[in-house]
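In what follows, a structure is listed as C-alpha cells, so that the remarks can point back to it.
The values are calculated or read from the model by the stated rules, or taken from the named source; none is laboratory data. Predicted model only: the values in this text are computed from it and were never measured. With ideal geometry, Cβ positions are generated from the backbone for all residues, glycine too; neighbour counts draw on all protein chains shown. The accessibility values were calculated without ligands, DNA or RNA, using every heavy atom of the protein model including side chains. Shrake-Rupley method; radii C 1.70, N 1.55, O 1.52, S 1.80 Å.
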Amino acid sequence: METLIETALRDRDQDGTIRWKAIAMLHERGDLETFTAARRLCAGNTVTERMLGVDILGRLPFTDRSLPVLRFLAAAEDDCMVLYSVLIAFGHLRDGRALPSVLALSEHEDSRVRYGVAHALPKIIGVPPDPAGLAVLERLTEDPDDDVAEWARLGLALSTGREVEEIGWEGSARGEVDDVGGHVLDS
C-alpha cells in the first residue's frame, strides 16, 4: 500500500494516469488500512498529500468515517483544488449529510470550487430533492463560468426530471445529455 501512495504522490499531474491507477488500486483494496493512510494524508502538510487523501477517501466503503474528515476539510481548507476534490468525493459518497458543507461552498470565489458544488449536489440532495440544494443549483445555472452553469443545468435536470431544454441546456445541439467521459452519470 505504501508503494501505491508513494507512486501517486510522485505523479505531479493531478489527472495523471499513473496517479489514478495507483488510486484505483487503493480503492480496490478498500480496507481499513487504506482508509487510515488516506485519513493521515488528509492532514498532510502539502496540497498534494491532502488531495491524494481526499481522492482515496472518496471511493472507500467507509462513508461514516470518511464524511467527518471531508467535512472538516470543506470548512478548514484554503486550497481550491483540495476543496474541488472534497466536493467530488462528496458526490461519489452520495450521502446527504454532506449537503451543509456543499452548500457552504456554493458561493466560493473560485469557479473550480463552484463546479465541484454543481457536480456534487445532484448526487446528495436526495429524493425528493432538498429545497436548499435545488435553490443553489438554480442559482448556479446563471454562474458566470460556463462550465459551472452547464453542470448546474444538468444537475437540475437530473434532480427534478425537468427537460434539459426547459432549463437552458447548451451542452448539445439537440438538447441531449451526453455521458462525457463517464462523468455525467458516474457511479
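Scanning segment 26-55 for residues that are open to solvent by 60 Å² or more (accessible area, probe 1.4 Å) and either of a type outside the set (A, V, I, L, M, F, W, C) or within 19 Å of the chain's Cα centre (by Cα) (or both) returns GLU28, ARG29, GLU33, ARG39, ARG40, ALA43, ASN45, THR46. The residues of segment 1-34 that are of a type in the set (Ser, Thr, Tyr) and in contact with a helix residue (DSSP H, G or I) (Cβ under 9 Å, 6 or more places away or on another chain), listed by number, are THR3, THR7, THR34. Screening ILE23, ILE18 for residues that are of a type in the set (A, V, I, L, M, F, W, C) and open to solvent by 80 Å² or more (accessible area, probe 1.4 Å) leaves exactly one candidate, ILE18. Within segment 2-15, the set of residues being closer than 17 Å to ARG59 by Cβ and open to solvent by 40 Å² or more (accessible area, probe 1.4 Å) comprises GLN14, ASP15.
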